[in-house]
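I have placed the structure first, in the form of structure tokens, so that the comments after it can refer back to it.
The values are calculated or read from the model by the stated rules, or taken from the named source; none is laboratory data. Note that the coordinates shown come from a computational prediction; the quantities given were computed from them, not determined experimentally. Cβ placement follows ideal geometry from the backbone for every residue including glycine, while neighbour counts extend to all protein chains displayed.
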Amino acid sequence: MNYAWPMDTITEQIVERKKSTVDYITMVLISLGFLLVFVFLFVLARRYAVLFNILFFVVFGIGYLLWKLLMSFNVEYEYSVINGEIDIDKIISKRKRKRIVSFSAKNIETFKKYTGNNGQKNFRKVIFAGSDPKSPNLWCCAFKDRAFGNTLLIFEPNEKVLQAIKPYLPRLVASDAFGWN
């Protein structure tokens with residue numbers, strides 16, 4: 001006798017966050033700060049030759065920290081939808097992963113295209129996990145989270161992720177978001 005086991009629905013998407021003007025200004029200021037520290041240490045090393053070897057390693061260490069800091073501005077978001085469970089992770093510099101939020105699509109109270117503010121003041125926590133706040137492809141969903149309470153998630157799912165979420169949404173939420181299909 002053959003039994004048909006239901007297959008898991010697994011969908012993933014990675015969205016790269018675009019750097020803002022503030023990010024670029026911060027990166028330049030951090031680099032200028034490093035340059036000032038480097039010049040100060042170089043002048044100090046010339047004055048006290050005994051410190052030259054020690055300062056070489058200090059400058060190397062500060063340079064490494066500068067590199068790590070500048071790389072931390074490279075951020076991606078990964079959306080995973082597994083049988084209606086939505087996980088959103090933040091990936092920093094393609095090395096470090098941190099779970100931002102995890103929830104069930106069944107608990108979503110509203111799901112719609114993001115129009116700008118969508119009543120953000122009514123939420124205890126607003127999570128932005130998209131490429132750019134001005135992107136026309138942003139969606140938002142509201143749900144209650146154990147840790148955060150009333151939460152608004154603003155993200156940028158592609159069609160595949162939307163189709164993976166759609167069957168697990170409450171009926172009225174799905175009809176508001178996608179119409180009666």
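Some points to look at:
- Among the conditions (1) more than 21 Å from the chain's Cα centre (by Cα); (2) not assigned by TED's automatic domain parsing to the domain that holds Ile165; (3) not polar (S, T, N, Q), the only one that Glu109 does not satisfy is (2).
- Every residue from segment 144-161 that is over 19 Å from Glu76 (Cβ atoms) and of a type in the set (A, V, I, L, M, F, W, C): Ala147, Phe148, Leu152
- Test: residue in segment 167-176 that is within 29 Å of Lys19 (Cα to Cα) and either surrounded by fewer than 18 Cβ atoms within 10 Å (Cβ to Cβ) or within 17 Å of the chain's Cα centre (by Cα) (or both): no
- Per-region count, segment 92-122, residues in a loop (DSSP other than H, G, I, E, B) and crowded, with 17+ Cβ neighbours inside 10 Å: 2
- Counted residues, segment 138-163 - those being without any contact (Cβ under 8 Å) to a residue 60 or more places away in the chain, in a helix (DSSP H, G or I) and buried (at least 20 other Cβ atoms within 10 Å of the Cβ): 0
- Qualifying positions in segment 54-91 - in contact (Cβ under 8 Å) with a residue 40 or more places away in the chain, buried (at least 16 other Cβ atoms within 10 Å of the Cβ) and touching an Asp or Glu at 6+ places or on another chain (Cβ under 6 Å): Phe73, Glu76, Glu78, Ser80, Ile91
- Residue match in segment 2-20 (condition: surrounded by 11 or more Cβ atoms within 10 Å (Cβ to Cβ), touching a Leu at 6+ places or on another chain (Cβ under 7 Å) and under 30 Å from Asn137 (Cα atoms)): no
- Matching entry among Met71, Met1 (being more than 30 Å from Lys166 (Cα to Cα) and modelled with pLDDT under 80): Met1
- Filter result for Phe52 (at pLDDT below 90 and hydrophobic (A, V, I, L, M, F, W, C)): yes
- Scanning segment 69-83 for residues that are assigned to a loop (DSSP other than H, G, I, E, B) and polar (S, T, N, Q) returns Ser72, Asn74, Asn83.
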